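Working notes, beginning with the structure itself.
The values are calculated or read from the model by the stated rules, or taken from the named source; none is laboratory data. Just so you know, these numbers come straight off a predicted model, no measurement behind them. Don't worry about glycine lacking a Cβ; one is built from the backbone with ideal geometry, like all the others, and counts go over all protein chains shown. Protein only, heavy atoms only, side chains kept; ligands, DNA and RNA dropped before computing areas. Shrake-Rupley method; radii C 1.70, N 1.55, O 1.52, S 1.80 Å.
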Amino acid sequence: QVQLQESGPGLVKPSQTLSLTCTVSGGSITTSYYAWSWIRQPPGKGLEWMGVIAYDGSTYYSPSLKSRTSISRDTSKNQFSLQLSSVTPEDTAVYYCARGGGGTIATMSRWGMYDYWGQGTQVTVSS
């Protein structure tokens, strides 16, 4: 059974960088041909795909967030991480990591494609 767990600060100040880590157990982030995504949900709104890192380390980002988003991985720890720079209160959301992602930008929002999810972590942007 694959399990994912998000971790990181729950409060970030405006203009700073939001940093989260997803720890994966029960499966390797380098196994062909899986991909690993970051997804968020602002209060009262739907899910928003942010970006993905594939089994080979390739990354792809949402066009609306690509200028501020970076996804990386540490294969020795079986972890992948999210950095979102220059945050504002509109970045307040529950942030999820999940296994899945691929195809096109349009297919990234097919939520049934993601077979494993972390429990989510609340991140609030406030001064």
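Brief remarks follow.
- Gln79 under 16 Å from Ser28 (Cβ atoms) and modelled with pLDDT of 95 or more: yes
Yes/no per residue for (1) part of a strand (DSSP E or B); (2) under 21 Å from Val2 (Cβ atoms); (3) under 15 Å from the mean Cα position of the chain (by Cα):
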| residue | (1), (2), (3) |
| --- | --- |
| Ser76 | no, yes, no |
| Phe80 | yes, yes, yes |
| Val94 | yes, yes, yes |
| Cys97 | yes, yes, yes |
| Thr107 | no, yes, no |
| Thr124 | yes, no, no |
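- Selection of first residues in segment 2-27 that are closer than 11 Å to Gly118 by Cβ and of second residues that are of a type in the set (Asp, Glu) and part of a loop (DSSP other than H, G, I, E, B), restricted to Cβ pairs under 9 Å at least 6 apart or on distinct chains, gives the following pairs, ordered by first then second residue: Val2/Asp115.
- Filtered residues of segment 103-127 (kept if open to solvent by less than 30 Å² (accessible area, probe 1.4 Å) and either touching a residue at least 40 places away in the same chain (Cβ under 8 Å) or more than 17 Å from Tyr33 (Cα to Cα) (or both)): Met108, Tyr114, Gly118, Gly120, Thr121, Val123, Val125
- Summed over segment 56-102, the residues that are closer than 24 Å to Pro43 by Cβ, charged (D, E, K, R) and without any contact (Cβ under 8 Å) to a residue 24 or more places away in the chain give a count of 2.
- Each residue in segment 50-62 was checked for being of a type in the set (S, T, N, Q) and either on the phi > 0 side of the Ramachandran plot or in contact with a helix residue (DSSP H, G or I) (Cβ under 7 Å, 6 or more places away or on another chain) (or both), and 0 of them qualify.
- Unique residue being in contact with a helix residue (DSSP H, G or I) (Cβ under 7 Å, 6 or more places away or on another chain) and open to solvent by less than 30 Å² (accessible area, probe 1.4 Å) when the list is Leu4, Leu65, Leu47, Leu84: Leu84
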